[in-house]
Amino acid sequence: MTATLIDGKAFAATVREKVAGHVARLKEEHGITPGLAVVLVGEDPASQVYVRSKGKQTVEVGMNSYEHKLDAGTSEADLLALIDTLNNDPAVHGILVQLPLPKHLDEDLVINAIDPAKDVDGFHISNVGLLGTGQKSMVPCTPLGCLMMLRDHHGSLSGMDAVVIGRSNIVGKPMAQLLLGDSCTVTIAHSRTKDLADVVRRADIVVAAVGRPEMVPGDWIKPGATVIDVGINRIDAPEKGEGKTRLVGDCHFDSCAAVAGAITPVPGGVGPMTIACLLANTVTACCRANG
Ligand code: GUN
């Protein structure tokens, strides 16, 4: 391996320390404790793990955590009523509705019912529009975490060629907006992109967010490029024993690390930064709400 490892786990710890410092000051100087409400509908195992982890880290930095677990059959009207209550609760500064929602619930309708000022995911259409026009907004946590790591590693990103693989509303599109905001030349590639390997080979920065295990091989990477791997995919690992699994990214780590200048590992790269940015967004929302 020649690439520098970008240690998201260590970076996230420093972000959480800063957030904890802000929280302590808000308490001491203003008597305010930021509060984050997380809403989980149904029992998706991966979502349960994320929600538990969010709640734990929220409390660890000194904020209040409010968890609302609703059963899978919850009606849209009941979910919207809960969001309305949280929108009007002055102790709640951030609201996150865990996605995906069960099929009978309209995700766009639910997300857009959240007060944009409390939308710590940055998914509300108002925040999407503000980000797209370069105005102050809540910024989606995963792309924000990626941007922080890139800025930390490179300093300025100005003039760099960036390729984002994946066009999701949660990661790909906002990531492209953020890179454009930092004056990169940005390409968004996706499943219909022609000659994807050639497109990726031109990039100084590759952000992979497609959810396909080890899809990007090392020979797609320009020597010295920075690779940010957003994918978290669980695959079978018979070499570890029968029935065992392991986590891999969207990039083939060993071959990419042999060519790249820097790379994020999976796990321990982008993942920890996502929750750290959620905590930071909650403090930002709290500060804006209190002038
Ligand atoms: N599900 C997967 N990632 C996310 C995220 O960043 N926010 C929410 N609300 N749900 C998710």
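Details
- Taking Lys244, Lys69 and counting other C-beta atoms within 10 Å, the order from fewest to most: Lys244, Lys69
- Violating pairs (Cα-Cα greater than 20 angstrom) within the set Lys54/Lys240; Lys173/Lys222; Lys9/Lys56; Lys18/Lys56: Lys54/Lys240; Lys173/Lys222
- Of the two radii for the chain, the radius of gyration is 0.97 times the Kirkwood radius, both from the alpha carbons; that is the Rg over Rh value.
- Remark on segment 50-206: hydrodynamic radius 17.5 angstrom, per the Kirkwood mean of 1/r across alpha carbon pairs.
- Cut-off 17 Å, label 7 Å out along Cα→Cβ of Ala24, residues of segment 37-66 by amide N: 58-64
- Think of it as helices only: each DSSP H run of n ≥ 4 in the chain is worth -39500 (n - 2.57), and spread over all residues that comes to -12500 deg cm²/dmol at 222 nm.
- Residue among Arg202, Arg16, Arg192 with the largest mean-square fluctuation in a Gaussian network model of the chain, springs linking Cα atoms under 10 Å: Arg192
- Helix 8-30 axis, angle to the chain major axis (alpha carbon atoms, nearest 10°): 20
- Pair-distance profile P(r), taking every C-alpha pair of segment 1-128, with 5 angstrom steps and integer %: 2, 10, 18, 19, 19, 14, 9, 6, 2, 1, 0
- Counted charge near Thr245, where neighbours are those whose Cβ lies closer than 9 Å (Asp, Glu -1; Lys, Arg +1): +3
- Contact order normalised by residue count of the chain, Cα under 8 Å, 6+ apart, percent: 22
- Set of aspartates and glutamates with alpha-carbon distance to Lys244 below 12 Å, sequence-local pairs under 8 removed: Asp236
- Cβ-based exposure ranking for Cys251, Cys256, in which fewest neighbours within 10 Å come first: Cys256, Cys251
- Segment 141-271 has equivalent-ellipsoid semi-axes of 24, 15, 14 Å, by the square roots of 5 times the alpha carbon gyration tensor eigenvalues, sorted largest first.
- Alpha-carbon centroid distance for the pair segment 267-291 / segment 219-242, whole angstrom: 26
- Fewest-first sequence of Asp44, Asp89 by Cβ atoms within 10 Å of each Cβ: Asp89, Asp44
- Over every Cα atom in segment 79-119, the radius of gyration and the widest Cα-Cα span, Dmax, amount to 10.1, 31 Å.
- Most fluctuating residue given options Ala162, Ala237, Ala91, as computed from a GNM of the chain linking Cα atoms under 10 Å: Ala237
- Candidates Asp229, Asp195, Asp152: whichever shows maximal mean-square fluctuation once the chain is modelled as a Gaussian network with Cα springs under 10 Å: Asp195
Values quoted throughout were computed directly from the atomic coordinates according to the rules given, and no laboratory measurement underlies them. The structure displayed is predicted, hence computed values, not measured ones. FYI the Cβ positions are ideal-geometry reconstructions off the backbone, even for glycines, and counts take in every protein chain you see.
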